[in-house]
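> Input: one structure, supplied below.
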Amino acid sequence: MAYSFDYDLTKLPREFFKDVAEIVDKRKLHKKLGKVSKKIVREFGVDKILGIPLEDAISVVEDLADLHIKNLVHEKDFKKAKEKILLVPHCSRKYMDLRCKADFNPMFSSYFCNHCSPDCLANQATELGEEKGYKVFILPGGSCIRSIFGNMNCDAVLGIACPEEIKLGIGFIESKGLAIKGIPLTKNGCANTQFNLDTLKEALS
Ligand code: SF4
């Protein structure tokens, strides 16, 4: 289940993300994550900038920190993996209606982009992923990943989603013995969601 509130992380300064990554990188702070997250939220005024309650802001920071930890844990296996897939959220498509020319394949419960709009984020992610040899799936929802694994094999998964959704997907992907790397959405919601293309390029390589 995704968040019941909307956020827009693009309003936060770059130092915020750097601080989260540095704190998590030390790993020993994992058990103190609750306190650390609260401190970060207060220091950067995350709740005020995003306009969401303090507890929700803490949840976002905790989930981001958890995600970075998972990325670190899986880093080596992810690099070594040969068959990788990229999961892109359907809400990052330029169009959410019939103007989107993607094909929907029920076997994988996924869309496959037909590149109708160069400025579509899902299209850009698809092209970047395919250039690097990834099989790219545009997912209508987190639960659709089960259809993918029921119909194909891979060694690693690179997923773009809100931290809450990635957290839920991680358990399933780890249960399959696969390596995972997650990229958090910088802006969530039901449509026009965003993620950072530079972060994706870095993660794909
Ligand atoms: S570029 Fe692809 S994903 Fe984006 S709206 Fe067109 S067909 Fe859909």
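> Among the residues of the range 161-205, how many are among the hydroxyl-bearing types (Ser, Thr, Tyr) and modelled with pLDDT under 90? First the steps, then the outcome.
At the first step, the residues of the range 161-205 found to be among the hydroxyl-bearing types (Ser, Thr, Tyr) are 175, 186, 193, 199, 205.
If we keep only those that are modelled with pLDDT under 90 as well, we get 205.
Matching residues across the range 161-205 total 1.
> If you go through the range 141-150 one residue at a time, how many are under 20 Å from Thr186 (Cα atoms) and surrounded by 15 or more Cβ atoms within 10 Å (Cβ to Cβ)? Lay out the reasoning, then the answer.
Filtering the range 141-150 down to residues under 20 Å from Thr186 (Cα atoms) leaves 141-142.
Cutting the leftovers down to surrounded by 15 or more Cβ atoms within 10 Å (Cβ to Cβ) gives us 142.
Summing the residues that are under 20 Å from Thr186 (Cα atoms) and surrounded by 15 or more Cβ atoms within 10 Å (Cβ to Cβ) in the range 141-150 gives 1.
> Between a first residue in the range 107-121 that is closer than 16 Å to Met152 by Cα and a second residue that is within 6 Å of the ligand (Cβ to nearest atom) and in a loop (DSSP other than H, G, I, E, B), which pairs have beta carbons less than 8 Å apart while being 6 or more apart in sequence or on different chains?
As it stands, the answer is Tyr111/Arg93; Tyr111/Cys100; Tyr111/Ala102; Phe112/Ala102, since those pairs meet every condition given.
> Could you please let me know if Cys116 is under 17 Å from Ile173 (Cα atoms), in a loop (DSSP other than H, G, I, E, B) and in contact with a helix residue (DSSP H, G or I) (Cβ under 9 Å, 6 or more places away or on another chain)? Break it down into steps so the answer makes sense when it comes.
Details: under 17 Å from Ile173 (Cα atoms): no; in a loop (DSSP other than H, G, I, E, B): yes; in contact with a helix residue (DSSP H, G or I) (Cβ under 9 Å, 6 or more places away or on another chain): yes.
The answer is no for Cys116.
> Now for a different question. Looking for something charged (D, E, K, R), at pLDDT 90 or above and within 15 Å of the ligand (Cβ to nearest atom) - is there at least one such residue anywhere in the range 108-128?
Taking the range 108-128 first, the residues charged (D, E, K, R) are 119, 127.
From what is left, the residues that are at pLDDT 90 or above are 119, 127.
Adding the requirement that they be within 15 Å of the ligand (Cβ to nearest atom) leaves 119, 127.
Yes, the range 108-128 contains a residue that is charged (D, E, K, R), at pLDDT 90 or above and within 15 Å of the ligand (Cβ to nearest atom).
> Kindly indicate the residue of the range 147-187 that is in a loop (DSSP other than H, G, I, E, B) and in contact with a Pro (Cβ under 9 Å, 6 or more places away or on another chain) and also nearest to Arg93 (Cα to Cα) among those meeting that condition. Walk me through it before giving the result.
Step one: of the range 147-187, the residues in a loop (DSSP other than H, G, I, E, B) are 152-155, 162, 176-178, 185-186.
Applying the additional criterion that residues be in contact with a Pro (Cβ under 9 Å, 6 or more places away or on another chain) yields 162, 185.
Values: Cys162: 15, Leu185: 13 Å.
Filtering the range 147-187 for residues that are in a loop (DSSP other than H, G, I, E, B) and in contact with a Pro (Cβ under 9 Å, 6 or more places away or on another chain), the one nearest to Arg93 (Cα to Cα) comes out as Leu185.
> OK, next. Arg146 passes all but one of (1) on the phi < 0 side of the Ramachandran plot; (2) more than 18 Å from the chain's Cα centre (by Cα); (3) more than 14 Å from the ligand (Cβ to nearest atom); which number fails?
Failing condition for Arg146: (2).
> I've got another one for you. Given the conditions (1) within 16 Å of the ligand (Cβ to nearest atom); (2) over 24 Å from Thr10 (Cβ atoms); (3) open to solvent by 20 Å² or more (accessible area, probe 1.4 Å), and given that Asn153 satisfies all but one, which numbered condition is not satisfied?
So Asn153 meets the others, but not (1).
> Of all the residues that make up the range 74-95, how many are within 16 Å of the ligand (Cβ to nearest atom) and either in contact (Cβ under 8 Å) with a residue 60 or more places away in the chain or hydrophobic (A, V, I, L, M, F, W, C) (or both)?
Restricting attention to the range 74-95, the residues satisfying the condition of being within 16 Å of the ligand (Cβ to nearest atom) are 86-95.
Adding the requirement that they be either in contact (Cβ under 8 Å) with a residue 60 or more places away in the chain or hydrophobic (A, V, I, L, M, F, W, C) (or both) leaves 86-89, 91-92.
Total meeting the criteria: 6.
> Looking at the structure I just gave you, is Arg99 of a type in the set (D, E, K, R) and open to solvent by less than 40 Å² (accessible area, probe 1.4 Å)?
On the way: of a type in the set (D, E, K, R): yes; open to solvent by less than 40 Å² (accessible area, probe 1.4 Å): no.
No: the conditions fail for Arg99.
The values are calculated or read from the model by the stated rules, or taken from the named source; none is laboratory data. Every value quoted in this text rests on a predicted model; they were computed, and no experiment measured them. Cβ coordinates were reconstructed from backbone atoms using ideal geometry, including for glycine residues, and neighbour counts include every protein chain displayed. Calculation scope for accessible area: heavy atoms of the full protein, side chains included, ligands and nucleic acids excluded. Shrake-Rupley method; radii C 1.70, N 1.55, O 1.52, S 1.80 Å.
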